[in-house]
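Data first, discussion second: the structure below is written as structure tokens.
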Amino acid sequence: MTPEKTVVVVESPAKAKTIKKYLGPGYEVLASYGHVRDLVAKEGAVQPEQQFAMRYEGIERNTRHVDAIAKALRGADRLLLATDPDREGEAIAWHLAELLRDRKVLADKPVRRVVFHEITQRAIQEAVEHPGDIAMDLVNAQQARRALDYLVGFNISPLLWKKIRRGLSAGRVQSPALRLIVEREEEIEAFVPREYWTLDGTAGKGKAAFPARLMQFEGDKIEQFSIVDAERAGHVRDTIAEQASGKLKVAAITRRSRKRNPAPPFITSTLQQEASKRFGFTAQRTMRIAQQLYEGIDIGGGPVGLITYMRTDSTSLAQEAVTEIRQVIDERFGADALPKSPNVFKTKSKNAQEAHEAIRPSDAARTPESLRGHLSAEQLKLYTLIWNRTVACQMNPAQIDTVAVDLCPPENPKTLLRASGSTVREPGFLAVYDNREEGEEAESNLPALEQDELVELRALEANQHFTEPPPRFNEASLIKALEEFGIGRPSTYASIITTLQQREYVLLDGKRFKPTDVGRVVSRFLTEFFTQYVDYDFTARLEDELDAVSRGEADWVPVLERFWKPFHERVEQTETSVARRDVTTQQLDEACPECGKPLAIRLGKRGNFIGCTGYPDCKYTRDVKTDSSEPEPAPELLDRKCPECGGDLSYKRGRYGRFIGCVNYPTCKHVEPLNKPKDTGVSCPDCKQGTLMERKSRYGKLFYSCNRYPDCKYAVWDPPLAEPCPKCGHAIMTIKTTKRRGVEKLCPDKTCGYREPAPELAADAAT
């Protein structure tokens with residue numbers, strides 16, 4: 001009897017390699033390379049008048065992978081779809097099955113779905129032994145989500161083209177996220193700082209010195225704005241100094257003990273936030289590294305999946321995992337570090353699937369130290385973070401002793417300065433993972449003090465402060481806000497942020513998001529004319545409805561119907577009733593200095609500017625940021641002159657960062673990059689006259705192009721090598737470095753495809 005042959009399909013080749021190791025002969029494991037089918041890229045892909053029928057087509061770049069799966073199936077007995085255990089993965093499984101049915105390669109072969117949340121031998125074998133069916137509720141939820149995104153994009157984007165600028169687009173979840181960033185910026189701009197003062201003393205006993213702050217003056221409690229000017233602050237300081245005469249008396253000592261509980265294990269959002277705060281990783285980078293750890297890394301003996309699935313909003317841990325973790329704690333930290341029963345954490349998300357787990361090591365006994373020689377630096381950082389947090393979540397709370405000491409002038413108990421300190425009596429989980437919030441003070445010690453004891457007042461200062469506006473969002477705080485408002489889901493946070501940057505609606509300024517002028521205009525347009533659809537509560541409610549579809553509690557078509565009719569009416573109304581000037585112009589309460597007509601903030605090619613409403617008769621303009629009451633800062637000049645007009649050169653800042661330009665702009669338009677191109681000395685293979693220069697793109701990526709540009713437009717992304725291709729004779733080769741293949745010589749002629757290993761060029765590739 002011929003043994004049964006099974007084709008198993010996963011999403012990535014790395015994952016396929018790891019799983020193949022556990023399944024052995026009789027199983028052929030292939031990768032779909034992600035999504036295999038999507039809506040047709042034109043109007044009419046979703047048809048609301050036909051129960052939201054959706055027209056799909058195969059994704060061209062993955063057609064050959066589908067071909068390989070179809071070919072393998074012709075000689076197989078069954079198909080197991082082992083795509084990722086979430087909505088996206090379920091949809092990919094369904095789309096692939098539909099494509100294969102269209103190709104008539106399934107016939108009567110059984111098609112089953114297998115689900116696992118960690119790539120370990122036990123989990124894989126258990127999933128294969130207990131296959132199920134494709135969960136159509138999850139598929140329908142994903143179809144509804146995709147349809148909504150399509151309907152919003154295909155209806156609002158043309159409006160943005162007409163009313164603002166060509167090439168713009170809007171997204172269902174990106175738009176509320178943009179609104180968050182814009183509103184925060186407006187809040188910062190509208191902020192008016194308030195002055196306040198604090199009285200800060202330094203007390204001492206023997207060699208020990210410790211800070212103390214004024215909390216009460218002459219019987220009145222000191223609030224933030226109790227002292228708001230230098231005169232009052234000086235009076236209070238002088239009064240206390242005179243009363244104290246260099247001494248303070250211990251008026252009261254308050255001792256307390258408190259517990260600090262461990263944080264729950266990571267979910268997608270908290271992992272992204274913590275990796276951002278600790279390592280400066282972007283959400284996208286965090287997910288890329290986590291994907292690598294999940295899919296499998298060779299740690300000796302073949303690839304092994306090191307963590308559970310990284311897209312989850314559940315804080316649950318499997319019982320067997322908890323047992324493993326408690327065993328590790330017992331061995332490394334002793335039984336005293338273990339609570340009597342396992343710690344259980346409540347999942348906040350309403351739609352969190354308890355069958356899913358939090359992000360944890362697939363084997364708690366696999367310590368970060370044991371993997372040090374097998375992981376890259378960034379992989380080790382993230383794995384260590386996950387391992388520490390997971391182990392810590394099952395340890396005892398930390399026991400912290402706090403002491404607060406009230407000090408007063410010896411003869412005036414109505415004036416009090418307070419000193420406080422804390423010590424960790426039992427570290428508990430802090431031995432593994434410190435979960436202090438940003439800005440939270442570390443522990444501090446006070447000397448041993450007794451009631452009525454006199455200590456020295458060594459210094460007393462009045463310090464001026466001003467209230468500060470709320471900070472701009474960074475990646476961590478933006479993800480936290482998205483989660484709190486219910487905008488998007490764990491799998492979408494990274495793509496939301498990336499999309500906003502790619503559309504140039506926001507830019508990073510010191511690792512914090514700042515809206516561009518275009519981003520502001522788009523957000524204002526959507527907020528004013530599509531208020532409901534960028535409303536945070538509406539977006540969250542819609543996500544809840546999609547979640548209900550995924551749980552089988554609602555049908556997806558009525559969800560779309562409730563959204564589509566009022567949305568479509570709003571689109572049609574806006575198209576006919578809103579003029580472009582209503583969107584791109586904000587009239588100011590200021591008259592034009594040349595003609596007297598009102599001025600307005602207008603959106604131009606290079607952003608916002610102030611211009612006369614009498615244009616084109618009056619052409620008065622000025623920079624929107626220019627304040628006529630303050631002189632412009634002097635330009636930062638270079639020690640050489642403009643080669644075109646002889647004027648001064650200065651550092652300038654544009655949409656893509658700093659550059660060098662002539663101070664006589666716009667009369668002279670000479671510009672230079674901040675870093676001059678580096679000549680490689682390799683002759684251009686196209687024009688054969690110039691040489692290839694190393695340059696930086698506007699996004700900071702290196703490329704190599706002819707120094708005769710724009711007359712010659714030849715360019716390559718990889719470092720050029722002055723030697724011909726041995727296969728096709730192309731004048732140059734390039735040095736290509738990948739993790740998979742290492743350093744290679746590669747022919748830049750795509751029709752050739754010649755490559756050869758070149759480890760001797762590793763140093764050249766690095767530079």
Within region 706-723, of all residues that are touching a residue at least 24 places away in the same chain (Cβ under 8 Å) and farther than 15 Å from Asp686 by Cβ, the one surrounded by the most Cβ atoms within 10 Å (Cβ to Cβ) is Pro719
Suppose we filter Asp220, Asp238 for residues that are surrounded by 12 or more Cβ atoms within 10 Å (Cβ to Cβ), more than 19 Å from Leu446 (Cβ to Cβ) and in the same structural domain as Asp406 (by TED's automatic domain parsing); which single one remains? Asp238
For the structure I just gave you, tell me whether Leu507 is over 30 Å from Arg581 (Cβ atoms) and of a type in the set (A, V, I, L, M). no
A careful count of residues in region 346-372 that are of a type in the set (Gly, Ala, Ser), surrounded by fewer than 19 Cβ atoms within 10 Å (Cβ to Cβ), outside any helix (DSSP H, G or I) and at pLDDT 90 or above gives 1
Output for region 724-748, where each listed residue is touching a residue at least 24 places away in the same chain (Cβ under 8 Å) and on the phi > 0 side of the Ramachandran plot: none
Cβ-Cβ under 6 Å pairs, at least 6 apart or on other chains, region 177-194 side part of a loop (DSSP other than H, G, I, E, B), far side not hydroxyl-bearing (Ser, Thr, Tyr): Phe191/Pro469; Pro193/Phe466
In the list Ala72, Ala107, Ala97, which residue meets the criterion of being more than 30 Å from the chain's Cα centre (by Cα), small (Gly, Ala, Ser) and assigned to a loop (DSSP other than H, G, I, E, B)? Ala107
Filtering region 1-54 down to residues that are more than 30 Å from Phe563 (Cα to Cα), of a type in the set (Gly, Ala, Ser) and assigned to a loop (DSSP other than H, G, I, E, B) yields Ser12, Gly24, Gly26, Ser32
Would you call Leu79 of a type in the set (A, V, I, L, M) and farther than 30 Å from Ile359 by Cβ? no
Would you be able to tell me the number of residues in region 169-196 that are of a type in the set (Gly, Ala, Ser), surrounded by fewer than 22 Cβ atoms within 10 Å (Cβ to Cβ) and closer than 19 Å to Gly607 by Cα? 1
Picking from Ala203, Ala263, Ala233, the residue that is part of a loop (DSSP other than H, G, I, E, B) and either surrounded by 15 or more Cβ atoms within 10 Å (Cβ to Cβ) or assigned by TED's automatic domain parsing to the domain that holds Arg489 (or both) would be Ala263
Selected residue [touching a residue at least 24 places away in the same chain (Cβ under 8 Å), in contact with a helix residue (DSSP H, G or I) (Cβ under 6 Å, 6 or more places away or on another chain) and not in a helix (DSSP H, G or I)] from Gln399, Gln394: Gln394
For region 148-168, does any single residue satisfy the condition of being among the polar types (S, T, N, Q), surrounded by 15 or more Cβ atoms within 10 Å (Cβ to Cβ), more than 21 Å from Leu482 (Cα to Cα) and outside the structural domain of Ile487 (by TED's automatic domain parsing)? no
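Residues are listed down the side, and each one gets a yes or a no for (1) at pLDDT 90 or above; (2) surrounded by 22 or more Cβ atoms within 10 Å (Cβ to Cβ):
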| residue | (1), (2) |
| --- | --- |
| Val9 | yes, yes |
| Leu30 | yes, no |
| Val36 | yes, yes |
| Ala53 | yes, no |
| Gly58 | yes, no |
| Asp77 | yes, no |
| Asp108 | no, no |
Applying the selection to region 246-290, what residues are of a type in the set (A, V, I, L, M) and over 30 Å from Pro361 (Cβ atoms)? Leu248, Val250, Ala251, Ala252, Ile253
(1) in contact with a helix residue (DSSP H, G or I) (Cβ under 8 Å, 6 or more places away or on another chain); (2) assigned to a helix (DSSP H, G or I) all hold for Ile227 apart from (2)
Unique match (being in a loop (DSSP other than H, G, I, E, B), basic (Lys, Arg) and free of Cβ contacts under 8 Å to residues at least 24 places away in the same chain) among Arg172, Arg166: Arg166
Any idea which of (1) at pLDDT 90 or above; (2) of a type outside the set (Ser, Thr, Tyr); (3) surrounded by fewer than 18 Cβ atoms within 10 Å (Cβ to Cβ) is the one Asp582 doesn't satisfy? (1)
Among the candidates Asp38, Asp77, residue that is among the charged types (D, E, K, R), in contact with a strand residue (DSSP E or B) (Cβ under 8 Å, 6 or more places away or on another chain) and closer than 30 Å to Leu293 by Cα: Asp38
Listed by first then second residue, the pairs whose first member lies in region 368-383 and is free of Cβ contacts under 8 Å to residues at least 60 places away in the same chain, whose partner is hydrophobic (A, V, I, L, M, F, W, C) and surrounded by 10 or more Cβ atoms within 10 Å (Cβ to Cβ), with beta carbons under 8 Å and at least 6 positions apart or on separate chains, are Pro368/Leu380; Pro368/Trp387; Arg372/Leu380; Leu380/Leu371
Find all pairs meeting these conditions: Cβ atoms under 7 angstrom apart; at least six residues apart or on different chains; first residue within region 549-577 and of a type in the set (Asp, Glu); second residue surrounded by 18 or more Cβ atoms within 10 Å (Cβ to Cβ). Glu575/Leu159
Suppose we keep only residues that are within 17 Å of Glu88 (Cβ to Cβ) and of a type in the set (Val, Ile, Thr) within region 296-313. Which one would you say is surrounded by the most Cβ atoms within 10 Å (Cβ to Cβ)? Thr308
Test Ile19 against the stated conditions and say whether it is closer than 16 Å to Arg146 by Cβ, assigned by TED's automatic domain parsing to the domain that holds Phe116, out of contact with any Leu (no Cβ under 6 Å at 6 or more places or on another chain) and of a type in the set (Val, Ile, Thr). no
From the list Pro515, Pro427, Pro471, which one is in contact with a helix residue (DSSP H, G or I) (Cβ under 6 Å, 6 or more places away or on another chain) and not aliphatic (A, V, I, L, M)? Pro515
Test Arg570 against the stated conditions and say whether it is assigned to a helix (DSSP H, G or I), touching a helix residue (DSSP H, G or I) at 6+ places or on another chain (Cβ under 6 Å) and on the phi < 0 side of the Ramachandran plot. no
Enumerate the helices (runs of 4 or more DSSP H) found wholly within region 448-540, keeping only those where 3 or more residues are over 16 Å from the mean Cα position of the chain (by Cα) and hydrophobic (A, V, I, L, M, F, W, C). 517-529
For region 275-295, which positions are part of a loop (DSSP other than H, G, I, E, B) and either surrounded by fewer than 23 Cβ atoms within 10 Å (Cβ to Cβ) or hydroxyl-bearing (Ser, Thr, Tyr) (or both)? Gly280, Thr282
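To keep it simple, each residue is scored yes or no on (1) assigned to a loop (DSSP other than H, G, I, E, B); (2) of a type outside the set (Ser, Thr, Tyr).
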site: Ala251; (1), (2): no, yes
site: Ser257; (1), (2): no, no
site: Gln273; (1), (2): no, yes
site: Gly300; (1), (2): yes, yes
site: Thr312; (1), (2): yes, no
site: Leu317; (1), (2): yes, yes
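The values are calculated or read from the model by the stated rules, or taken from the named source; none is laboratory data. Please read all numbers here as calculations on a predicted model, not as lab measurements. Glycine gets a Cβ as well: all are built from the backbone with ideal geometry, and neighbour counts include every protein chain shown.
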